[in-house]
Amino acid sequence: MAEQTLYERIGGVNAIAMVVDRFSDQIVKNPKLLKNPALAAWNKSGQLPSLKFMRTLWLCEQAGGPFQYTGKELGQAHKDLHILPEEFDEVGAEIARALDHFNVPEREKGEVLAAIVARKAEVVGQPA
Ligand code: HEM
C-alpha cells in the first residue's frame, strides 16, 4: 500500500486549519514579534481571516493535499514586512507550540517544521 501523505497523516484540512488558526492568533499577540513595526501595523489591518486561509492553503499543498496554492510567492508576500531571522525563528516556535497543542506526533511535527524552515531565505528580508 502506498505511503500516506503528510496531509493524510496529520488529519487533512481541518487539522491543518486548526493548527494555522492557533499559531496565527498567537503570532499577533507575541511581544517579540510586535517589536517589528511593519508587523504591528499589519496586525491592525483586519486581514487575519484571509491570511489564515492562505496559510492553510499553502500548508495543505505542501503536505500533499488536494489543493493548489494560488497566492503570492513567499518572497513577494513578505518583502514589505522586513522580517528578521530571529522573528522567523519565533514564528517557527509558535508553529511548534501549536502542533504540540493539538498533539501532532513527532514525525509529522518535524515534517511541517522542515517545510517552513526550508523557505526561510525567501521570507526573511532586509531590515527596514
Ligand atoms: C516559511 C514561513 C512562512 C510561510 C510558509 C508563510 C506563508 C504565507 C502566505 C501563504 C501568505 C499569504 C500570501 C498571499 O496573500 O498571497 C503570507 C503572508 C503573510 N505572512 Fe507569512 N509565511 C511565513 C513566514 C512568516 C513570518 C515569519 C511572518 C511574521 C510574523 C509572516 C507574516 C505574514 C504576514 C503579516 C502576511 C500578510 C502580508 C500581506 O498581506 O501583505 N509570515 N505568508
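Here is how the numbers come out for the structure above:
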{"quantity": "Some residue of segment 9-18 being polar (S, T, N, Q) and either in contact with a Phe, Trp or Tyr (Cβ under 7 Å, 6 or more places away or on another chain) or near the ligand (Cβ under 10 Å from one of its atoms) (or both)", "calculated": "no"}
{"quantity": "Options 98, 118: the member that is modelled with pLDDT of 95 or more, near the ligand (Cβ under 9 Å from one of its atoms), small (Gly, Ala, Ser) and within 28 Å of residue 8 (Cα to Cα)", "calculated": "118"}
{"quantity": "Residue satisfying condition, being within 12 Å of the ligand (Cβ to nearest atom), farther than 26 Å from residue 36 by Cα and modelled with pLDDT of 95 or more, within set 87, 61", "calculated": "61"}
{"quantity": "Elements of type helices (runs of 4 or more DSSP H) contained in segment 1-56, each with 3 or more residues being touching a Gly at 6+ places or on another chain (Cβ under 9 Å)", "calculated": "6-10, 12-27"}
{"quantity": "Filter result (more than 8 Å from the ligand (Cβ to nearest atom) and either charged (D, E, K, R) or free of Cβ contacts under 8 Å to residues at least 40 places away in the same chain (or both)) within segment 47-58", "calculated": "48, 49, 52, 53"}
{"quantity": "Qualifying position, being touching a Phe, Trp or Tyr at 6+ places or on another chain (Cβ under 7 Å) and within 20 Å of residue 48 (Cα to Cα), among 75, 71", "calculated": "71"}
{"quantity": "Residue list for segment 91-125, restricted to those being surrounded by fewer than 12 Cβ atoms within 10 Å (Cβ to Cβ), in a loop (DSSP other than H, G, I, E, B) and over 14 Å from the mean Cα position of the chain (by Cα)", "calculated": "103, 105"}
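The values are calculated or read from the model by the stated rules, or taken from the named source; none is laboratory data. Every value quoted in this text rests on a predicted model; they were computed, and no experiment measured them. Cβ atoms come from the backbone with ideal geometry, glycine included; neighbour counts cover every protein chain shown.
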